[in-house]
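The values are calculated or read from the model by the stated rules, or taken from the named source; none is laboratory data. What you see is a predicted model, and the numbers here were worked out from it, not measured in a lab. FYI the Cβ positions are ideal-geometry reconstructions off the backbone, even for glycines, and counts take in every protein chain you see.
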Amino acid sequence: MIEQEKLLIEAAQQDPQRFADLYEANFERVYAFIVRRVQDRSLAEDLTSEVFHHALANLSRFEWRGVPFAVWLYRIAANAIADAWRRSSKRDHDSASLDNLDQSNWPEIERRAALFQLVNRLPEDQRSVIIQRFVEQKSIRDIAKDFGRSEGAIKQLQFRALENLRARAGGRHE
């Protein structure tokens, strides 16, 4: 796995169009890392885009040291988050969490990345309900208005989406 990643990096350094492979392999991880810290979907999407833009622009400077490529991306993400907080003058965030990139956080980041992948594979209406309900934290009533459906229909759609996620994750809870 690590050797394959090294080959992907070298290929992307030679041909920037090959960066897409690194992007695909790391998008969910980086997004999960960022959204966990900023807790704002729109900002997380913007910062994730910024991270990959920065990574592509500076890929020629990347030196392989046997550490997963994602660690470099997390460092870029931590800096992007800090910059965003400075720009918005939010001083109440705990900047110590930005430097907490040790491997003990990786299982949680990987779990969230896997969850994002599963959510992205849901049918469009189920995916939309899950995102609005659990990421944007909208009420059932607000989602029902957005969909033009009854609250009961949204609850049923949410239930089916959660069941679908459980089945895809292989973790059925009886």
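Considering only residues that are in a helix (DSSP H, G or I) and over 8 Å from the mean Cα position of the chain (by Cα), which ones fall in the range 22-43? Outline the logic, then answer.
Here is the first cut: in the range 22-43, the residues in a helix (DSSP H, G or I) are 22-38, 41-43.
The answer is L22, Y23, E24, A25, N26, R36, R37, V38, R41, S42, L43.
Quick one: which of V71, V51 is at pLDDT 90 or above and under 19 Å from E110 (Cα atoms)?
V51
Out of the range 32-58, which residues are among the hydrophobic types (A, V, I, L, M, F, W, C) and either buried (at least 17 other Cβ atoms within 10 Å of the Cβ) or within 30 Å of Q137 (Cα to Cα) (or both)?
Within the range 32-58, A32, F33, I34, V35, V38, L43, A44, L47, V51, F52, A55 meet the criteria.
When only residues in the range 116-127 that are in contact with a helix residue (DSSP H, G or I) (Cβ under 8 Å, 6 or more places away or on another chain) and in a helix (DSSP H, G or I) count, which is surrounded by the fewest Cβ atoms within 10 Å (Cβ to Cβ)?
Result: N120.
Within the range 63-86, can you find the residues that are under 18 Å from L7 (Cα atoms), surrounded by 15 or more Cβ atoms within 10 Å (Cβ to Cβ) and more than 15 Å from the chain's Cα centre (by Cα)?
Hits for the range 63-86 are P68, F69, W72.
Can you name the residue in the range 44-78 that is among the small types (G, A, S) and in a helix (DSSP H, G or I) and is also farthest from F134 (Cα to Cα) among such residues? Give the steps one after another, and end with the answer.
Within the range 44-78, the first condition is being among the small types (G, A, S), and the residues that meet it are 44, 49, 55, 57, 60, 66, 70, 77-78.
When the remaining residues are screened for being in a helix (DSSP H, G or I), the result is 44, 49, 55, 57, 60, 70, 77-78.
Numbers: A44: 15, S49: 22, A55: 29, A57: 34, S60: 38, A70: 26, A77: 23, A78: 24 Å.
Checking each candidate, the answer is S60.
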